[in-house]
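*Asks:* This is the structure I have questions about; it appears just below.
The values are calculated or read from the model by the stated rules, or taken from the named source; none is laboratory data. Computed from a prediction, not measured in an experiment: that's the story for all the values here. Because the Cβ atoms are built from the backbone with ideal geometry, glycine has one as well, and the counts that use them run over all protein chains shown.
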Amino acid sequence: MSNPKSNAEKYWQANLRLILGCLVVWALASYGGAILLRPLLSSIHIGGTDLGFWFAQQGSMLVFIAITFFYAWRMNKLDKEFGLEE
Amino acid sequence: MSQFVINFLFVGASFALYIGIAIWARAGSTKEFYVAGGGVHPVLNGMATAADWMSAASFISMAGLIAAGGYANSSFLMGWTGGYVLLAMLLAPYLRKFGKYTVPDFIGDRFYSSGARLVAVACLIIASTTYVIGQMTGAGVAFSRFLEVSNDIGLLIAAVVVFLYAVLGGMKGITYTQVAQYVVLIIAYTIPAIYISLQLTDTFLPPIGLFSNHVESGIPLLEKLDQVVRELGFRDYTADVDNKLNMVLFTLSLMIGTAGLPHVIIRFFTVPKVADARWSAGWALVFIALLYLTAPAVASMARLNLLTTIYPNGPTEQPIGYAERPDWIKNWETTGLIKFQDKNGDGRIELYNDSPAFAATAAERGWNGNELSVNNDILVLANPEIANLPGWVVGLIAAGGLAAALSTAAGLLLAISSAVSHDLIKGTINPNISDRGELLAARISMGVAIAVATYLGMHPPGFAAQVVALAFGIAAASIFPALMMGIFSKRINNKGAIAGMLAGLGCTLVYIFLFLGWFFIPGTASYTNTPDNWLFGISPLSFGAIGAAINFIVAFTVSSMTEAPPKHIQDLVESVRYPQGAGRAVDH
């Protein structure tokens, strides 16, 4: 192995990857589904309107909650895996 | 029992509760005053954060904005919740690990510069003061409508109550009153919504009711609403927007502005551990979402209810006569928030969209202009009356609106007073001040802040409507990028950070002033505030995201041309990244 990374560096890299993944989902739910992709999704109907409207006024917020809890759960586990918890 | 007595009982009981909590949770040290001793349970902190965050704007104005704009105003829903995702992943855990008391504390230490600290203090005070004016005026409106006192007396009552629990209890008192205020405001918001959802869609949960069938017509509620507003010349409620760029930037500006508001960030300094800060952000979002998922249902249902009241036989038939108008219109006319003018002299209330596209239809129907103007802000407050709900629900709404305004005002006042006593007095002017001295200074600056806020609430500057743009613009363009770069980059140095904050802030302010008037002085705007004049169709309200981008670019460029931060600063950045060894908030 060339230039092995320290435990702390690996932990930080894992955190950055996790943040990036979560931000992709965050952007897809809000900027994607609710705004930019709304015309593409307009054929999918839900309760008298289209999927984009649902994302804008309901779906995006549910996704935000899921991401925040997922991040907390995953990071608190990573803290322990890397022995960096309080 | 008259409606006045009911309102008085509800508001009085809730105030007695807040003051009782304040006496129980007195702050004895600066640590208790600034961060509630650092021992708040993450779920309770989530609840307090939700009350801290949900202001008069969320409780009173937001549903009205969505009702008026439909899909196009969904940005408020996404922006004011999506910011918590950023806060949870990019700021809260690391700032909790840093373990000091204020936001300028971190900026001053990380960028090893009292200049950076002072810029942060200035941004914090401007953003929070403009924000607190809105809370005080909101409380004044609620008092004057529901307790039949004058606006100024209402404001004074609000100021005394906030003074009692915020000055006595500091963050500790504020935290526990905010928990109580959350409970009051969420009950007050959801109960009328449930009633109305049952009436219109036969569905118990309003967020599900929003996408259910309208009982009377048998078609989906949103389809029914689209039909009704179309008949009256308005844009379809669910219609898409043309300017997607502006909607994206507006939503983004609200998100990063939310994540950068100091009074929200400091709430995460009160939990015991880094892991708790992460959970707490999730809980905050759950508690906020309970209201934010209900708001769009309230918006569409209240708009449909309002139009059905005016056009009981459908929008293509005659509207009701002015003499037969319901009591709630009479009540709100006295406040000036509903205005009627019989332009065609037929004694009926013609409510429609006065646009060129609809002019032919209006002329055909003998209409001579829209005759009823309804202020967006009354929608939530008048909602129970519009739907004929019992009197106690109206009392509940009064207590809820006041809880929303007061809890946010208290959080903002704490952010201001801690910036003054901790960052200005202890951090800059007199570093040797004792803990008792600093605690006294914190209480005095809180008292002064309340006096200033009350005065500004009584004499609101002419730009009251624009100040929200200002607060979010400042937070988005200066505070959020500085904090994020301070954590995620070891290379950003003092010069880069200061240059970035000033550039981001400067560009945002100039862009806002160009369209809304220089320093908000009426008549000094360089361009009229219409989409044709906006740069690339970007509204002044959406510019915070661009300001943040400018901040990042300038900070990186300047830092890369100047020396790297010293070793101990790079070690500080390392240390905030790893939860290990955080312990309780450090006394210093």
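*Asks:* Being of a type outside the set (K, R) and closer than 17 Å to B:S74 by Cα narrows it down to one of A:I19, A:I67, A:I44, A:I35, so name that one.
*Replies:* A:I35
*Asks:* Would you confirm whether or not region B:249-260 contains a residue that is within 12 Å of chain A (Cβ to nearest Cβ) and within 25 Å of B:V183 (Cβ to Cβ)?
*Replies:* Checked against the condition, which is being within 12 Å of chain A (Cβ to nearest Cβ) and within 25 Å of B:V183 (Cβ to Cβ), region B:249-260 yields at least one hit.
*Asks:* Of all residues in region A:42-72, which are more than 18 Å from B:Y237 (Cβ to Cβ), among the hydrophobic types (A, V, I, L, M, F, W, C) and at pLDDT below 95?
*Replies:* A:I44
*Asks:* I've got another one for you. So for region A:76-83 (the condition being part of a helix (DSSP H, G or I) and within 7 Å of chain B (Cβ to nearest Cβ)), does at least one residue qualify? Show your work before the answer.
*Replies:* Within region A:76-83, the first condition is being part of a helix (DSSP H, G or I), and the residues that meet it are A:76-81.
Now drop any that are not within 7 Å of chain B (Cβ to nearest Cβ), which leaves A:76, A:79.
Within region A:76-83 (the criterion being part of a helix (DSSP H, G or I) and within 7 Å of chain B (Cβ to nearest Cβ)), the answer is yes, since at least one residue qualifies.
*Asks:* Let me ask something additional. Return the only residue of A:A29, A:A56, A:A14 being of a type in the set (G, A, S), more than 29 Å from B:D242 (Cα to Cα) and within 22 Å of the chain's Cα centre (by Cα).
*Replies:* Answer to the selection: A:A14.
*Asks:* Quick one: is B:S559 in contact with a Ser or Thr (Cβ under 9 Å, 6 or more places away or on another chain) and either surrounded by 13 or more Cβ atoms within 10 Å (Cβ to Cβ) or modelled with pLDDT of 85 or more (or both)?
*Replies:* Criteria met by B:S559.
*Asks:* While we're looking at this one, here's another question. Considering only residues that are in contact (Cβ under 8 Å) with a residue 40 or more places away in the chain and surrounded by fewer than 13 Cβ atoms within 10 Å (Cβ to Cβ), look in region B:355-394 and name the one that is farthest from B:L65 (Cα to Cα).
*Replies:* B:A357
*Asks:* May I ask you to list the residues in region B:284-319 that are at the interface with another protein chain (Cβ under 9 Å from one of its Cβ atoms) and over 20 Å from B:Q227 (Cβ atoms)?
*Replies:* B:A284, B:L285, B:V286, B:I288, B:A289, B:Y292, B:L293, B:A295, listed by residue number.
*Asks:* Of everything in region A:32-53, what is at the interface with chain B (Cβ under 7 Å from one of its Cβ atoms), buried (at least 20 other Cβ atoms within 10 Å of the Cβ) and on the phi < 0 side of the Ramachandran plot? Give them in sequence order.
*Replies:* If the condition is that a residue be at the interface with chain B (Cβ under 7 Å from one of its Cβ atoms), buried (at least 20 other Cβ atoms within 10 Å of the Cβ) and on the phi < 0 side of the Ramachandran plot, then A:A34, A:I35, A:R38, A:T49, A:F53 are the ones that fit.
*Asks:* In addition: Looking only at region B:521-542, filter to residues that are hydrophobic (A, V, I, L, M, F, W, C) and crowded, with 16+ Cβ neighbours inside 10 Å; which one of those is nearest to the chain's Cα centre (by Cα)?
*Replies:* B:L541
*Asks:* Can you tell me which residue within region B:269-283, out of those that are more than 7 Å from chain A (Cβ to nearest Cβ) and not in a loop (DSSP other than H, G, I, E, B), is nearest to B:N45 (Cα to Cα)?
*Replies:* First, pick out the residues of region B:269-283 that are more than 7 Å from chain A (Cβ to nearest Cβ): B:269-272, B:276-277, B:280, B:283.
With not in a loop (DSSP other than H, G, I, E, B) added as a condition, the list becomes B:269, B:276-277, B:280, B:283.
On the way: B:F269: 10, B:D276: 9, B:A277: 9, B:S280: 6, B:W283: 8 Å.
So, considering only residues that are more than 7 Å from chain A (Cβ to nearest Cβ) and not in a loop (DSSP other than H, G, I, E, B), the one nearest to B:N45 (Cα to Cα) is B:S280.
*Asks:* Give the residues of region B:71-82 that are more than 9 Å from every other protein chain (Cβ to nearest Cβ) and either within 24 Å of B:P42 (Cα to Cα) or modelled with pLDDT of 95 or more (or both), sorted by residue number. Walk me through it before giving the result.
*Replies:* At the first step, the residues of region B:71-82 found to be more than 9 Å from every other protein chain (Cβ to nearest Cβ) are B:72-73, B:76, B:80.
Once the filter is applied, which keeps residues that are more than 9 Å from every other protein chain (Cβ to nearest Cβ) and either within 24 Å of B:P42 (Cα to Cα) or modelled with pLDDT of 95 or more (or both), region B:71-82 yields only B:W80.
*Asks:* So, one more: Every residue in region B:225-235 that is under 22 Å from B:N313 (Cβ atoms) and out of contact with any strand residue (DSSP E or B) (no Cβ under 9 Å at 6 or more places or on another chain), please.
*Replies:* B:L225, B:Q227, B:V228, B:V229, B:R230, B:E231, B:L232, B:G233, B:F234
*Asks:* Go through region B:39-65 and give me each residue that's crowded, with 24+ Cβ neighbours inside 10 Å and among the small types (G, A, S).
*Replies:* Once the filter is applied, which keeps residues that are crowded, with 24+ Cβ neighbours inside 10 Å and among the small types (G, A, S), region B:39-65 yields B:G46, B:A48, B:A50, B:A51, B:S55, B:A56, B:A63, B:G64.
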